[in-house]
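Colleague: My structure is below; once you've seen it, I'll send some questions.
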Amino acid sequence: MKRINRRKFIKTGVFGLAGISMLQSGIACAKHHLPSKTLVDKVKLGKSGLTVSRIAMGTGTKGYNKASNQTRLGMDTFVKIAHHAYEQGLRFYDTADGYGSMPYVGKAIKTLPRENITLLCKMWTHGNDSEKKEPIAENIDRYRKELGTDYIDILFMHCMTDGEWSKTRTYFMDGFSKAKQDGIVKAVGVSCHNIDALREAAVNPWVDIIMARINPFGANMDGTPEEIRTILATAKENGKGVIGMKIFGEGKHITDAEREQSIRFALTEGNLHCMTLGLESIAQMDDAIERVMRIVG
């Protein structure tokens, strides 16, 4: 498969409004069928009991206030990209309430076999149990309705930023555990944006799965690449599933050589089971799939 160069990668992505315009017009959504040998493979996600595609389709690039670069593409384009992902074996969708992406994923998977799909959802939590409490069960029910599913595979507390989260969020942890006990959620965990939060997640028995920021450049990370990969090694030893994010440093390292270096680092040195990539076009998706499957193959 021919790799796209940096200029085309930027144009077919959403690192600017021009990219959004191209995607919405369909220019970057032409089918680029990959040969079957490059379909995304599956991996066991630690001891969580889940088997997932090695790549998850991230839906939260520049995600805030119920919108993201992916949702800003519009429903039709989003669904086309999500369906293309599925056709290439990428059947793991990473969503969050704050991204506003759950209805989009719900629309995309409506005609697909639910048993073949992994859904990851993130809930924003307050940092102190004395603060206003969210109606956890009601939120989870809303997530399921937006996604059109009876159950959620992975539910995260979103964006942990301090090492005391397991003490300040017991209300949410208990609510998540109840949902897991009831079979509404299969696995629980945290996404981390702080090295102390990550250290706690690596050893905390409540955590099934961790999402951590990692790339070879140290861009938008919580420590040096060596520090983070060492913590993630501990997490894996403790049976945690480990998902990498910010693989390209939140879009800061996207030259052809940097994409290759980032993917190779994630797969061979990052101590990850899989990764979530905020891909914003079919061209970007095909490029990432080709690189991942060539390196692991």
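The values are calculated or read from the model by the stated rules, or taken from the named source; none is laboratory data. Keep in mind it's a predicted model, so treat the numbers as computed, not measured. No Cβ is skipped: glycine too gets one built from the backbone with ideal geometry, and neighbour counts run over all protein chains shown. For the accessible areas, the whole protein counts, side chains as well, though only heavy atoms, and no ligand, DNA or RNA atoms are used. Shrake-Rupley method; radii C 1.70, N 1.55, O 1.52, S 1.80 Å.
Colleague: Can you give the Rg/Rh ratio of the range 196-274, where Rg is from the C-alpha atoms and Rh is the Kirkwood radius?
Modeller: Value, to two decimals: 0.98.
Colleague: What does the accessible area per residue of the chain come to in Å², with a 1.4 Å probe and no ligands, DNA or RNA counted?
Modeller: Here the per-residue accessible area is 42 Å².
Colleague: Please give me the summed charge of the neighbours of K66: other residues whose Cβ is under 15 Å from its Cβ, Lys and Arg +1, Asp and Glu -1.
Modeller: +2
Colleague: Ok, one more. Sum up the charges of everything whose Cβ sits under 13 Å from the Cβ of T230, counting Lys and Arg as +1 and Asp and Glu as -1, but leave T230 out.
Modeller: Net charge in that neighbourhood comes out at -2.
Colleague: Y151 to W206: FRET efficiency via 1/(1 + (r/R0)^6), r the Cβ-Cβ distance, R0 25 Å, to the nearest 0.05?
Modeller: After rounding, the FRET efficiency stands at 0.80.
Colleague: Leaving out ligands, DNA and RNA, and with a 1.4 Å probe, what % of the accessible surface on the range 125-196 is carbon or sulfur?
Modeller: Looking at the range 125-196 in its full context, I get 46 percent from C and S.
Colleague: At 0.36 nm per residue, and after removing the present C-alpha to C-alpha distance, how many nm does the segment from T51 to T268 gain when stretched out fully?
Modeller: 76.2 nm
Colleague: Let me ask another. Work out which trypsin sites (Lys or Arg not before Pro) in the chain are exposed loop sites (DSSP not H, G, I, E or B, at most 16 other Cβ within 10 Å) and give the longest gap free of them.
Modeller: It works out to 134-251.
Colleague: Considering the convex hull of the alpha carbon atoms of the range 54-163, report its projected area averaged over all viewing directions, in nm², one decimal.
Modeller: Quarter of the Cα hull surface area: 7.5 nm².
Colleague: Of the DSSP beta bridges with both residues in the chain, give the percent that are antiparallel, rounding to the nearest 5.
Modeller: Rounded to the nearest five, the antiparallel share is 10 percent.
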